[in-house]
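Okay, so here's the structure we're looking at.
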Amino acid sequence: MKNFCLIFLLFISWSLISQDLEKYKKQYPNDDIVRLQQETIINIKLNNGEFTIHKEVFEEDLYLNNSANYNSKRSISYSTFFNLDKIEASSFSKQDGKYVENKVVDFNEKNNLNDSFYDDSKEVGFIYPKLAKGSKTNIKLTYNIKNPRFLSAFYFGDFYPIINNKVTIIADKNIEFTFKPFQLNNGAKITFKKKKRGENYVYTWSAKKTEKFEIESNAPNYKTILPHIIPIITSYQQDGKTKKLLDGVEGLYSWYYSLVENINKEETDPALTTLVEELTREKESDIEKVKAIYYWTQQNIKYIAFEYALGGFIPREANEVFQKKYGDCKDNSSILFKMLEIAGLQGNLTWIGTRKIPYTYEQVPTPAVDNHMILSYENKNNTYYLDATGRYIQIEYPSSFIQGKEALIANGNNFKVKKIPVVPAHLNKVVDTTYIQISNRDIIGTSNSTFSGYIKNNLFYNLENTRKEADVKELYNKRFLKGSNKFLIKSYKEENKFSYDKDFSVSYNFSIQDYVQNIGSEIFINPHFNKIVSSVKTKEDRKYDIEFEYKRQFSHTNIIEIPDGYEVSYIPTSVSFTNDLISVNFSYSTDKNKIVCKQNVVFNFIKLNKEQQQKVNTFVEKTEKASKEIIILKKK
């Protein structure tokens, strides 16, 4: 601690005298902030098998322009396992050519309920005083890490430039590590040193002048972009014997299972038993029983996330969840497990990381690899992933945010890792059939739109809090938009609203003013009333992958009635563009006094890398050109 304080004080005195605002403004003309120094020191001691872990962080920032005041607010997150012991913060403002220190004195603590899988999360908020162009800020944080499994990643880049970045781990020589690197080839130049100092090993990583990383919309989580290293304590020596800690997936599962193996051992609430019997009484197959239990849980157990310490890992008893009618992801899994057991069925507690965590269990066998719990159920060689924290999720669908991820499935002292499939595009589908009449320059139409899969689910989430008819109509005007912003729904009718297993349908009447062009004896109309394909076009200078929630398919049929006294002068030629990522088909035909225009689009991806973005953009450009084609009608 003394060494760190000395570094802290020396660096302040040096930087206050030496740093030149104009130098960094010239070097980083498009940036608001430069981090001059970022240093982390982690001390890990081992005494009779007990770990003591302290982490100290120091950061110094320089503000290059007048936007400095917008960065005055700052918050620091921590938790029971990652406890913030001490915080010191100051801003330095220029007065008479010198820096004057303004210490932060007011720190406000509050609960942070954004993520509750692990434990309670809190944050300390404060405001840097007197920030202006040329100001600097210093912050020093001291943490106590209470479990050696919770060593967090350290990063060598951020969304601002970093001049000096240094991480030091000072650890007892009897502790064995593995260091897992990620994205280190992504713009950071890192040097590593290891040396022995007395009874400790000292591991040091340094990086200088790391350029900032760009912020882009719909990019994957920062863990897939920023260069970082995850330290893992695999084992340690005690009394001449090797003690395993996180030596692979087996070590992680062993710890996880020790936390859940004794839940739901108490006598079952008779009311819960009665409920399960009622839900499954007339169900002929096991899967129908599971479905009834799963849907009841989604509908009746409210998702509320708040945990404390190991409560972030240990599910509550099913009886308690049933009586309170709320719980987090682990609690939902607990009551599902018990309800299936009452019905004579076997479910398995399952840990999983959402798509914002990019690691596999083999890569990072620590609690950093997952942040969610569900229940798995196997039937006739099929695995069903039951996540009751949402609603309207059909039993055949995993939650959209765990598609493609690995699941760690418990089975007593054994486990298995399975990859959750990505739901095919045709199961997330919009089918729209529209009949169109031309009235001078306006269009009068009737449509029937049917929604399935995740598209239906998302629409239901929107409708849950939209009860008034006027608000529902406004929602539908935005979601079903056709042609132009003059599209207006006059009336609508819903079918299978909030149904789990049936597709949702909406029939509606609408008009679009001033959509048709009348020139002389001819009528011109563009039959492409939506621009779905353009929604996946990316900028040519985009740097990172782009993510989508799910694969999708859209099938639109527009049937245009030919006005009396007119005939078809021109219809476009049918076109088709297809590759492994995207499929587009436009077809046109006539049927007596009608023109039938069909558009089928398939987005067969949930993530596109740079090369794939270029392939998709090529198809989008072709499609945009084809969608400008018009139909011409002329008087007979």
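The values are calculated or read from the model by the stated rules, or taken from the named source; none is laboratory data. Predicted model, so just to flag it, every value in this text is computed and none were measured. We place every Cβ from the backbone using ideal geometry, glycine too, and count neighbours over all the protein chains shown. Side chains included, ligands, DNA and RNA excluded: accessible areas come from the protein's heavy atoms. Shrake-Rupley method; radii C 1.70, N 1.55, O 1.52, S 1.80 Å.
To the nearest 10 square angstrom, how much accessible area does residue 490 have with a 1.4 angstrom probe?
120
Using 1/(1 + (r/R0)^6) with R0 = 35 angstrom and r between the beta carbons of residue 32 and residue 86, what's the FRET efficiency to the nearest 0.05?
0.80
What do you get for the angle between helix 469-479 and the principal long axis of the chain? Use alpha-carbon atoms, 0 to 90 degrees, nearest ten.
80
In region 560-609, if the dipole is taken from +1 on Lys/Arg beta carbons and -1 on Asp/Glu beta carbons about the Cα centre, which of 573, 587, 605 is farthest to the positive end?
The one lying farthest along the dipole's positive direction is 605.
Once the Cα atoms of helix 329-342 and of the chain are each reduced to a long axis, what angle between those two axes, in degrees from 0 to 90 to the nearest 10, is obtained?
The answer is roughly 70 degrees.
Hey, rough spin-label estimate for residue 396 and residue 73, points 7 angstrom out along Cα→Cβ, what's it come to in nanometres?
Taking the simple label geometry, residue 396 and residue 73 are separated by 4.6 nm.
Do the alpha carbons of any pairs in 490/622; 212/419; 289/380; 94/223; 594/636; 265/419 sit beyond 25 Å of each other, and which pairs?
490/622; 212/419; 94/223; 265/419
Relative contact order, percent, of region 164-212 when contacts are C-alpha pairs under 8 Å separated by at least 6 residues?
51
On a full-extension model of 0.36 nm per residue, what is the gain between residue 127 and residue 446, subtracting their alpha-carbon distance, rounded to one decimal in nm?
Fully extending the segment from residue 127 to residue 446 adds 109.2 nm.
Which percent of the accessible heavy-atom area of the chain goes to carbon and sulfur, probe 1.4 angstrom?
So the carbon and sulfur contribution to the accessible surface is 46 percent.
I need the trypsin sites (Lys or Arg not before Pro) found in region 228-337, filtered to DSSP loop residues with at most 11 other beta carbons within 10 Å of theirs.
265, 281, 325
Using only helices, what value at 222 nm comes out for the chain when you add -39,500 (n - 2.57) per DSSP H run of length 4 or more and divide by the total residues, to the nearest 500 deg cm²/dmol?
-6000 deg cm²/dmol
Below 9 angstrom from the Cβ of residue 128, what's the summed charge of the other residues (Lys, Arg +1; Asp, Glu -1)?
Here the count lands on +3.
Would you list, by chain and number, the lysines whose Cα falls below 16 Å from the Cα of residue 551, excluding same-chain residues fewer than 8 positions away?
Reachable lysines: 405, 429, 456, 537, 607.
In debye, nearest 20: dipole of region 565-636 around its Cα centre with unit charges on the Cβ of K, R (+) and D, E (-)?
In total the dipole reaches around 280 debye.
Given 0.36 nm per residue, what is the gain on full extension from residue 490 to residue 277 after removing their alpha carbon distance, in nm?
Computed gain between residue 490 and residue 277 is 72.1 nm.
Could you state the angle between the C-alpha long axis of helix 286-300 and the longest principal axis of the C-alpha atoms of the chain, as a value from 0 to 90 degrees rounded to the nearest 10?
So the inclination is approximately 80 degrees.
Which value, in debye to the nearest 20, gives the size of the charge dipole of the chain about its Cα centre, when Lys and Arg are +1 and Asp and Glu are -1 at the Cβ?
Roughly 1860 debye for the chain.
Scaled to the compact-protein estimate 2.2 N^0.38 Å, what is the alpha-carbon radius of gyration of region 574-628, rounded to two decimal places?
For region 574-628, the normalised Cα radius of gyration is 1.34.
For region 164-290, give the magnitude of the charge dipole about the Cα centre (Cβ charges: +1 Lys/Arg, -1 Asp/Glu; no others), in debye to the nearest 20.
1880
Positive end of the dipole of the chain, charges at C-beta (+1 Lys, Arg; -1 Asp, Glu), about the Cα centre: which of 627, 235, 335 has its Cα farthest in that direction?
627
From the phi of every residue in region 564-575, what ³J(HN,Hα) in whole Hz does the Karplus formula 6.51 cos²θ - 1.76 cosθ + 1.60 yield, where θ is phi - 60° and glycine or proline is x?
Taking θ as phi minus 60°, the curve returns 4, x, 10, 9, 6, 9, 7, 10, x, 7, 4, 9 Hz for region 564-575.
Between residue 416 and residue 221, what is the label-to-label distance in nm when each label sits 7 Å out along the Cα-to-Cβ direction?
2.6
Given that compact globular proteins tend to follow 2.2 N^0.38 Å, what is the ratio of the alpha-carbon Rg of region 53-117 to that value?
That ratio works out to 1.42.
What residues of region 225-239 lie in the reach of a label at residue 192, counting those whose backbone N is under 13 Å from a point 7 Å from the Cα along Cα→Cβ?
Backbone N within reach: 228-232.
Fully extended, how many nm does the chain gain between residue 537 and residue 478 (0.36 nm per residue separation, minus their Cα-Cα distance)?
19.2 nm
Cα-Cα pairs above 42 Å in the chain: how many percent?
42
Kirkwood Rh over alpha-carbon pairs of region 257-308, then Stokes-Einstein at 37 °C and 0.692 mPa s: what D in µm² s⁻¹, rounded to an integer?
Using the Kirkwood radius from Cα pairs, D works out to 246 µm²/s.
Report D for region 312-372 in µm² per second (integer): Stokes-Einstein, Kirkwood Rh on Cα pairs, 37 °C, 0.692 mPa s.
256
Can you figure out the FRET efficiency of residue 592 with residue 526, using R₀ = 22 Å and their beta-carbon distance, to the nearest 0.05?
It comes to 0.50.
With each pseudo-label sitting 7 Å past Cα toward Cβ, what's the residue 574-residue 499 distance in nm, one decimal?
For the pair residue 574/residue 499, the computed spacing is 3.1 nm.
Once Lys and Arg get +1 and Asp and Glu get -1 on their Cβ, which of 445, 427, 225 lies farthest toward the positive end of the dipole of the chain?
225
Mind ranking 39-49, 138-148 by how tightly packed they are, going by the mean number of other C-beta atoms within 10 angstrom, highest first?
By packing density, highest mean first, the sequence is 138-148, 39-49.
Return a whole-number percent for the relative contact order of the chain, with Cα pairs under 8 Å and 6 or more residues apart as the contact set.
Value for the chain: 9 percent.
Mind ranking 608-615, 546-553 by how tightly packed they are, going by the mean number of other C-beta atoms within 10 angstrom, highest first?
Per-residue mean Cβ counts within 10 Å order the peptides as 546-553, 608-615.
For region 75-207, report the accessible area per residue in Å² (1.4 Å probe, heavy atoms, rounded to an integer).
Dividing the accessible area of region 75-207 by its residue count gives 49 Å².
Heavy atoms of the protein only, probe of 1.4 Å, neighbouring chains included. What is the accessible area of residue 474 in Å², nearest 10?
Solvent-accessible area, nearest 10 Å²: 100 Å².
Whole number in Å², please: accessible area per residue of region 528-636, 1.4 Å probe, ligands, DNA and RNA not counted.
51
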